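The values are calculated or read from the model by the stated rules, or taken from the named source; none is laboratory data. Everything numeric in this text was worked out from a predicted model, so none of it was measured. Please note: Cβ atoms are built from the backbone with ideal geometry, for glycine as well, and neighbour counts cover all protein chains shown. Note: accessible area is taken over every heavy atom of the protein model, side chains too, but ligands, DNA and RNA are not part of it. Shrake-Rupley method; radii C 1.70, N 1.55, O 1.52, S 1.80 Å.
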Amino acid sequence: MGLKNKDLLGLKQLSADEIMEILETAKAMKMVLQSNVKKTSHLQGKSVITLFYENSTRTRLSFELASKYMGSASANISASGSSVAKGESLLDTARTIDMMATDIIIMRHSQSGAPHFIAPHLNASVVNAGDGMNEHPTQALLDMFTMYERWGDFAGKNVAICGDIYHSRVVRSNAIGLNKLGANVSVYGPKTMMPIGIDKMGCRVADSVEDAVKGADAVMGLRVQLERQHKSLFPSVAEYSHFYGISEEMLSKAKDGALLMHPGPCNHGVELPTCVYDCDQSVINEQVTNGVAVRMAVLYLLNARRNNL
């Protein structure tokens, strides 16, 4: 029991079996969330620190709640309120936290590869909560868990992901993970937001939103990440919504009962109109709940690995 590596840095490092172990463990953790007493002792006597260099609501809060529900001593650090603001380096900050008998450090950083850089220098396990435009492994795991609850397996399933592909670490982790589990991934977005070589990650680059979602078992919209753009990569919000948004008409091209997903936060009227966001096929709010369950599973399995050393 437990993961093979000390850290969870990306879906690239996980085998299909490890991904499935996380998803199966998340089932048990979701039962804890749905109980009257949301408390376990799996992390009793352990310490978990969240170290976020970027803003976050869902990821940061779900990790914090996950650790507390499991009985750990937990604390959170933001770059603006720490010695980072005084010029302390990333490695010095991480080593300082590590030397406080920390068991698990959960880090989000604007630079791709930042968690990979610090992990070899620390005794603590490092969890990547999003690094630059590289990966966001726990978001992809919660997305896959949401699908797994409905489908039971991934073989032959078709997943369409539309929007700001270039800046999305979510699409990269999902493409890696879903391909390992036997699903097919189609992507579509403005050419100015489509990274070169995305097809080499096992994605089919569609010709239109309709082409991407046609026959899909799940349709995922991606947020337009304006904070990562130094200049606008599309003429107007209205044009983006018309040509690249997932409208009711576009969603109807997917399979009957296809899941409508979004990693959040959503720009209503841009990626999705509100009527689609709130439609019967939407599992967006369920993804938030599943995010806590999956992060509980990740912390549990990393701790199990540490206990078996």
Item checked: Subset of the stretch 64-105 (residues that are of a type outside the set (D, E, K, R), part of a loop (DSSP other than H, G, I, E, B) and over 23 Å from residue 308 (Cα atoms)) -> 82, 87, 89
Check: Considering the stretch 11-35 alone, what residues qualify as being assigned to a loop (DSSP other than H, G, I, E, B), touching a residue at least 60 places away in the same chain (Cβ under 8 Å) and not aliphatic (A, V, I, L, M)?
Finding: 15
Notebook entry, point to check: Can you name every residue in the stretch 136-153 that is closer than 15 Å to residue 182 by Cβ and out of contact with any helix residue (DSSP H, G or I) (no Cβ under 8 Å at 6 or more places or on another chain)?
Noted result: 147, 151, 152, 153
Notebook entry, point to check: If you check 119, 206, 101, which single one turns out to be touching a residue at least 40 places away in the same chain (Cβ under 8 Å), surrounded by fewer than 24 Cβ atoms within 10 Å (Cβ to Cβ) and at positive phi?
Noted result: 101
Item checked: Number of the exception - residue 200 against (1) open to solvent by less than 50 Å² (accessible area, probe 1.4 Å); (2) within 20 Å of residue 13 (Cβ to Cβ) -> (1)
Next item on the list: Considering only the stretch 235-309, give the helices (runs of 4 or more DSSP H) lying wholly within it that have at least 2 residues that are without any contact (Cβ under 8 Å) to a residue 12 or more places away in the chain and over 19 Å from residue 145 (Cβ atoms).
Entry: 237-244
Note to self: When the residues of the stretch 104-116 are narrowed to those that are under 16 Å from residue 76 (Cα atoms) and either of a type in the set (D, E, K, R) or open to solvent by 10 Å² or more (accessible area, probe 1.4 Å) (or both), which ends up nearest to the chain's Cα centre (by Cα)?
What the structure shows: 108
Next item on the list: Could you tell me which of the residues 47, 74, 62 is of a type in the set (Gly, Ala, Ser), surrounded by 17 or more Cβ atoms within 10 Å (Cβ to Cβ) and touching a residue at least 60 places away in the same chain (Cβ under 8 Å)?
Entry: 62
Notebook entry, point to check: Between residues in the stretch 162-175 that are assigned to a helix (DSSP H, G or I) and residues that are buried (at least 24 other Cβ atoms within 10 Å of the Cβ) and of a type in the set (D, E, K, R), which pairs lie under 8 Å by C-beta distance while being six or more apart or on different chains?
Noted result: 169/131; 169/135; 170/143; 172/135; 173/135; 174/143
Check: Which of the residues belonging to the stretch 128-149 are more than 27 Å from residue 257 (Cβ to Cβ), open to solvent by 10 Å² or more (accessible area, probe 1.4 Å) and out of contact with any Gly (no Cβ under 9 Å at 6 or more places or on another chain)?
Finding: 133
Next item on the list: Go through the stretch 150-182 and give me each residue that's of a type in the set (A, V, I, L, M) and either in contact with a Leu (Cβ under 6 Å, 6 or more places away or on another chain) or open to solvent by less than 40 Å² (accessible area, probe 1.4 Å) (or both).
Entry: 159, 160, 161, 165, 170, 171, 175, 176, 178, 181
Notebook entry, point to check: Across the stretch 118-147, what is the number of residues that are in a helix (DSSP H, G or I) and under 15 Å from the mean Cα position of the chain (by Cα)?
Noted result: 11
Margin query: Tell me yes or no: at least one residue of the stretch 275-287 is open to solvent by less than 10 Å² (accessible area, probe 1.4 Å) and farther than 25 Å from residue 63 by Cβ.
Written below: yes
Notebook entry, point to check: Which numbered condition trips up residue 38, out of (1) part of a helix (DSSP H, G or I); (2) open to solvent by 60 Å² or more (accessible area, probe 1.4 Å); (3) within 30 Å of residue 262 (Cβ to Cβ)?
Noted result: (1)
